[in-house]
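Data first, discussion second: the structure below is written as structure tokens.
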Amino acid sequence: QVQLVESGGGLVQPGGSLRLSCAASPNRFSSYIMGWYRQAPGRQRELVADITSTDTPDYADSVRGRFTVSRDNTKNTVYLLMNSLKSEDTAVYYCYAVVSGISYWGQGTQVNVSS
């Protein structure tokens with residue numbers, strides 16, 4: 001069983017930055033594919049970014065160049081650094097992990113971008 005706990009959400013002004021963290025169960029963390037999805041009100045959940053066990057990142061077009069996903073295997077943690085935030089980035093952000101083909105999800109953390 002993989003457990004994921006997100007933190008770091010909150011309210012930020014447009015143009016500002018936030019860093020989300022996701023702490024995972026330590027068992028074989030380095031072998032997990034990790035990533036972040038988000039869901040805005042009235043919209044489907046969408047992939048934001050993910051990172052493979054070999055530290056290869058990928059991003060949605062809407063966040064490429066503004067967001068950075070990274071992982072620290074020594075801390076069993078994956079991060080999402082969000083810069084140049086826009087109002088359309090407002091959503092609940094969910095951490096996820098794929099382990100042996102099974103997806104696990106965190107409880108979500110709210111990000112609000114507003115002046």
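Points to keep in mind about this one:
- Residues of the range 1-55 that turn out to be hydroxyl-bearing (Ser, Thr, Tyr) and either part of a strand (DSSP E or B) or in contact (Cβ under 8 Å) with a residue 60 or more places away in the chain (or both), as a count: 6
- Among the conditions (1) open to solvent by less than 70 Å² (accessible area, probe 1.4 Å); (2) under 14 Å from the mean Cα position of the chain (by Cα); (3) not small (Gly, Ala, Ser), residue 29 misses just one, which is (2).
- Pairs where the first residue, in the range 62-82, is more than 16 Å from residue 97 (Cα to Cα) and the second is open to solvent by less than 10 Å² (accessible area, probe 1.4 Å) and not in a strand (DSSP E or B), C-beta under 7 Å, 6+ apart: 82/89
- Within the range 85-115, the set of residues being open to solvent by 60 Å² or more (accessible area, probe 1.4 Å) and part of a loop (DSSP other than H, G, I, E, B) comprises 86, 100, 101, 107, 114, 115.
- Within the range 56-66, the set of residues being in a loop (DSSP other than H, G, I, E, B), surrounded by 15 or more Cβ atoms within 10 Å (Cβ to Cβ) and of a type outside the set (Lys, Arg) comprises 60, 63.
- So residue 43, is it in contact with a helix residue (DSSP H, G or I) (Cβ under 9 Å, 6 or more places away or on another chain) and either among the charged types (D, E, K, R) or open to solvent by 40 Å² or more (accessible area, probe 1.4 Å) (or both): no
- Total residues in the range 72-84, condition open to solvent by 20 Å² or more (accessible area, probe 1.4 Å) and either within 14 Å of residue 8 (Cβ to Cβ) or of a type outside the set (Ser, Thr, Tyr) (or both): 7
- Residues of the range 89-114 satisfying the condition of being under 19 Å from residue 32 (Cβ atoms) and more than 15 Å from the chain's Cα centre (by Cα): 99, 100, 101, 102
- Put simply, of 90, 54, 68 the only residue that is modelled with pLDDT under 95 and not acidic (Asp, Glu) is 54.
- For residue 69: the one exception among (1) outside any loop (DSSP other than H, G, I, E, B); (2) open to solvent by less than 60 Å² (accessible area, probe 1.4 Å); (3) out of contact with any Asp or Glu (no Cβ under 8 Å at 6 or more places or on another chain): (3)
The values are calculated or read from the model by the stated rules, or taken from the named source; none is laboratory data. Every value quoted in this text rests on a predicted model; they were computed, and no experiment measured them. Note that we place each Cβ from the backbone using ideal geometry, even for glycine, and neighbour counts take in every protein chain shown. Protein only, heavy atoms only, side chains kept; ligands, DNA and RNA dropped before computing areas. Shrake-Rupley method; radii C 1.70, N 1.55, O 1.52, S 1.80 Å.
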